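Read the structure below first, then the notes.
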Amino acid sequence: MGVTPEEILTGLDPEQAAVAAQLHGPMVVIAGAGTGKTRAITHRIAHGVAAGEYVPQQVLAVTFTARAAAEMRTRLRGLGAAGVQAHTFHAAALRQLQYFWPQAVGGFLPHLLDHKAPLVAEAARRLRLPADRATVRDLAGEIEWAKVSMLTPETYAAPGLDRDGVGELDHQAMARLYQAYEDVKTDRGMIDFEDVLLLMVGIIEDDERIAAEIRSQYRHFTVDEYQDVSPLQQRLLDGWVGGRGEVCVVGDPSQTIYSFTGATPRHLLEFTRTHPGAAEVHLVRDYRSTPEVVNLANRVLTSRRPERRLDQRGTVWAQPLELIAQREHGPAAEFHEAADDEQEAQFVASRIKALTERDGVKLRDIAVLYRTNGQSEAMERALSDAGIGYQLRGAERFFQRREVKEALAQIRTSARQVPGELAVDLVPTLLSSLGWQRSAPTGTGAVREKWESLSALVALAKDMDGALAEENLSMAAFAAELEARAATAHAPVVEGVTLASLHSSKGLEWDTVFLTGLSEGLMPISFAEDQAGVDEERRLLYVGITRAKSRLIFSWSLSRTTGGRGRRRRSRFLDGIAPSAQREAGRPEPGPRSRRKSAAPARCRICGKLLDTAAEVKLKRCSDCPAGYDEAVYEALRDWRTRAAKDSGMPAFVVFTDATLMALAEAMPRTEREFLAIPGVGRSKLQRYGEDVLSVLADLR
């Protein structure tokens, strides 16, 4: 007997029940972190199925990650709503494109491009544009932004587009590269991920018969993480819905952290205007975190309360939700200041050891979060020295690891030979032949990582077997589960501390969260120079805080290197939150930097002519006047910039442009004062890169 509608609504709080009870018409749910939004929308769908209002196969739930889609499918199956389609935007669109391509276009669907970089590099070569690996990555990112923003090469070049250049390329040059990339793609008979959405939008809007067939297939829509929708995704959603209004969207403007990819919360915040009569429900009861964590999250957002407005990026902001904690009290947040990055990492490692040995916290329940991927190196080293296992989120995908592929092959073979054998009995024996053992190896590196991967599979078999109420887990069932997880990149939990960037932590949770590197230049990041950028950095910290269920530990260092002068300043976002950190009365929060105006037209220091371009002004000479720097110095600075960009996860040109590197190579500054005298170098760049650049130049003298 299936689950009844009444049983599905039982146990929901009043706001969640309001979401689940209304089955028809447009609905917008503003859901704070930890408030049970997935519970609310899955119960809404299951309620509709149980009540006979929804046909499972006619419901499409869309989210932004394969992991979230897999979790939604699992929950829906448990609620008796198997058959409901839950996919990412791209996965749903690709399934439709593969089905309709033969009748809409004819022939075979072009090959889907895995990565843009090779084709972007080819486009640059066709235009005789220099492009190193870092620049190619930046150019690919800009093309992705343009496509999800519904900009063609022609509209991208429009003078009114308020967009910073990419490296040394202005809008016109970038537009030509964009067109060249499209030409290369066409020549190779390929499409990229954005094309999947664009092509489906085109087919739906141009072919009424196909549009009607899609709308007949899907009658009810749910969109999770709606604050992250791009203009292109919104247009596809509009095509799917077809004006019928049977759509429920869920999101949180305070968790908008992907504006740089084209995501915008404007569709979420304007939903009641674009859908007159839409129901609106706010979820504010936080079930994830203790009152101590929730209070800090609220204070971080409300210490600067932006008014509803349209900023230069076309983004609408609103007052943040104030979360109400539902859990019992927990430990107070901890704040730690270290002399340098190495000491900060050592503190984190020692604190983790104390938590596991004294308080019994499991390693899998601990996360160390940071702003840029380059910050993980010191943490990895400190954890390894302390004998603490860890996993890097965002590194090689779990199911792509060699040992995991070998384990899957063993499990598949065994499932065919003895399908009814109990997985919890056989899996440990099978994986022992690949190097798994019950005790963790004492070494680190590849040996430890391999053991962690195999242990995750053993633990998954035990967890799945324990979750079955009436029967034990068979090898056939376990193999099928692994196949499904591999197809959706739904990796099991590895026993070890999670190291992750703040961006990649979105949607996850841990008992204990370390928020590290909280100094100016890293949080907010140095290139967040306008108020919109600083606001997004604040929301990024809010996302990090709300990942913690019980314990928060904040840390920062005063110097990047051991023995440094300690010029760093703790993040402004901790003012009024950390102990002894009350901001002076009446002192405003730091805002955007003002641009200095030159007192007189700049002239070439060699020939005396007026300088025309920003690059010439930086070099203080005409572009065709002889350079005054050693080529080896310039190349050494370029090599350093490549490493710095990779470590910080930002475009190379954001670190320093080529013109600034040339100016540094010519001036060869020895002191901080001389370093600051270089055009294009400010206080934040001095704080972030000064020590490294001066060290590189000193080694070359």
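The values are calculated or read from the model by the stated rules, or taken from the named source; none is laboratory data. Please read all numbers here as calculations on a predicted model, not as lab measurements. With ideal geometry, Cβ positions are generated from the backbone for all residues, glycine too; neighbour counts draw on all protein chains shown. SASA here: full protein model, heavy atoms, side chains in, ligands and nucleic acids out. Shrake-Rupley method; radii C 1.70, N 1.55, O 1.52, S 1.80 Å.
Below are the figures for this structure:
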| item | result |
| --- | --- |
| Within segment 131-178, tally of residues that are assigned to a helix (DSSP H, G or I), in contact (Cβ under 8 Å) with a residue 60 or more places away in the chain and over 20 Å from the mean Cα position of the chain (by Cα) | 2 |
| Segment 81-92 residues that are on the phi > 0 side of the Ramachandran plot, paired with ones that are open to solvent by less than 30 Å² (accessible area, probe 1.4 Å) and not in a helix (DSSP H, G or I) (beta carbon under 9 Å, 6 or more apart) | G83/V59 |
| Among (1) in contact with a Leu (Cβ under 8 Å, 6 or more places away or on another chain); (2) open to solvent by less than 80 Å² (accessible area, probe 1.4 Å); (3) not hydroxyl-bearing (S, T, Y) - the single one Q96 does not satisfy | (1) |
| Residue selected from segment 20-50 under the condition open to solvent by less than 10 Å² (accessible area, probe 1.4 Å) and within 14 Å of R285 (Cα to Cα), by the criterion farthest from the chain's Cα centre (by Cα) | A40 |
| Odd one out for D359 among (1) closer than 22 Å to I545 by Cβ; (2) within 22 Å of the chain's Cα centre (by Cα) | (2) |
| Residue in segment 271-278 that is surrounded by fewer than 16 Cβ atoms within 10 Å (Cβ to Cβ) and either in contact (Cβ under 8 Å) with a residue 12 or more places away in the chain or of a type in the set (A, V, I, L, M, F, W, C) (or both) present | yes |
| Scan of segment 407-441 for residues that are in a helix (DSSP H, G or I) and either farther than 11 Å from L457 by Cβ or of a type in the set (K, R) (or both), ordered by number | A409, R412, T413, S414, A415, R416, Q417, V424, D425, L426, T429, S432 |
| Qualifying residues in segment 489-524 (those that are more than 27 Å from A407 (Cβ to Cβ) and among the hydrophobic types (A, V, I, L, M, F, W, C)) - the one modelled with the lowest pLDDT | L522 |
| When residues of segment 669-692 are limited to those that are over 15 Å from V654 (Cβ atoms) and of a type in the set (V, I, T), the one most open to solvent (accessible area, probe 1.4 Å) | T671 |
| Filtered residues of segment 521-555 (kept if of a type in the set (S, T, Y), farther than 24 Å from V654 by Cα and part of a loop (DSSP other than H, G, I, E, B)) | T546 |
| Residue list for segment 180-207, restricted to those being part of a helix (DSSP H, G or I) and either closer than 13 Å to P118 by Cα or in contact with a Cys (Cβ under 9 Å, 6 or more places away or on another chain) (or both) | A180, Y181, E182, V184, K185, R188 |
| Q217 open to solvent by 60 Å² or more (accessible area, probe 1.4 Å), in contact (Cβ under 8 Å) with a residue 12 or more places away in the chain, under 21 Å from V59 (Cα atoms) and out of contact with any His (no Cβ under 7 Å at 6 or more places or on another chain) | yes |
| Tally of residues being modelled with pLDDT of 90 or more and more than 15 Å from I41 (Cα to Cα) across segment 55-81 | 3 |
| Which numbered condition L508 misses (of (1) surrounded by fewer than 21 Cβ atoms within 10 Å (Cβ to Cβ); (2) of a type in the set (A, V, I, L, M); (3) not in a loop (DSSP other than H, G, I, E, B)) | (3) |
| Contacts under 6 angstrom Cβ, first residue in segment 687-699 being over 13 Å from L664 (Cβ atoms), partner open to solvent by 30 Å² or more (accessible area, probe 1.4 Å) and β-branched (V, I, T), 6 or more apart | none |
| Matching entry among L198, L236 (being among the hydrophobic types (A, V, I, L, M, F, W, C) and open to solvent by 10 Å² or more (accessible area, probe 1.4 Å)) | L198 |
| Unmet criterion (only one of (1) crowded, with 18+ Cβ neighbours inside 10 Å; (2) in contact with a Ser or Thr (Cβ under 8 Å, 6 or more places away or on another chain)) for D132 | (1) |
